[in-house]
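The structure appears below as structure tokens.
The values are calculated or read from the model by the stated rules, or taken from the named source; none is laboratory data. A quick note: this is a predicted structure, and the numbers were derived from the prediction, not measured. A quick note on method: Cβ atoms are made from the backbone with ideal geometry, for glycine too, and the neighbour counts reach across all protein chains shown. The protein model used for the area step is the full one, side chains on, heavy atoms only, and it has no ligands, DNA or RNA in it. Shrake-Rupley method; radii C 1.70, N 1.55, O 1.52, S 1.80 Å.
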Amino acid sequence: MAPKLKVLFLCTGNSCRSQMAEGWARHLKADRMEAYSAGLVARGLDPRAVRVMREAGVDISGQRSKTVEEVAGIPFDYVITVCGHAHETCPMWLQGKARVVHVGFDDPPRLAERAATEEEALAPYRRVRDEIRAFVETLPERLTGSG
């Protein structure tokens, strides 16, 4: 059996998109990947992200927001940036031997800013959650070119 790939999902604040991606990867691909997430800064875990992931059967409430410095000692195979800012500013030292792949997703908190109701605010979170799940389901084959 091949060793598990070490994959880091990176975004700006490690509060929503990268947390969802880590949760999905741990839930769907734990047999093939070791998933981590981090941000350029740590903004805390977004409660709405926790809520919509729980609705889909994945509990990310035990995850915590981390900076890239906190995962610096892990030899990642892949760094997947899930927002444009993280992709543009991905620290060179973090890349090491890791291959950097960018797969951008909309920012649910930004999309929810003008929502009139909580239900309306949750809609972009659910959409992005489902988009991230669809992406994670293609891993690791999409990264390695196998399968």
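How large is the helix-only mean residue ellipticity at 222 nm for the chain, computed as the sum of -39500 (n - 2.57) over DSSP H runs with n ≥ 4, divided by its residue count, in deg cm²/dmol to the nearest 500? Don't jump to the answer; show the numbers that get you there.
On the way: 7 runs with 60 residues, N = 147.
Taking each H run of at least 4 residues, the total per residue is -11500 deg cm²/dmol.
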Along the positive direction of the dipole of segment 57-132 (beta-carbon charges: Lys, Arg +1; Asp, Glu -1; about the Cα centre), which of Ile80, Ala116, Ala98 reaches farthest?
Ala98
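Can you bin segment 80-140 into rounded, prolate or oblate? Criterion: square roots of the alpha carbon gyration tensor eigenvalues sorted a ≥ b ≥ c, rounded for a/c under 1.5, prolate for a/b above b/c, oblate for the rest. Before the final figure, lay out the partial values.
Values: a/c = 4.70, a/b = 1.86, b/c = 2.53.
Verdict is oblate for segment 80-140.
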The answer for the chain, accessible area per residue at 1.4 Å probe in Å², is 50 Å²
Cα Rg, Dmax (largest Cα-Cα span) when computed across the chain, Å
14.5, 51
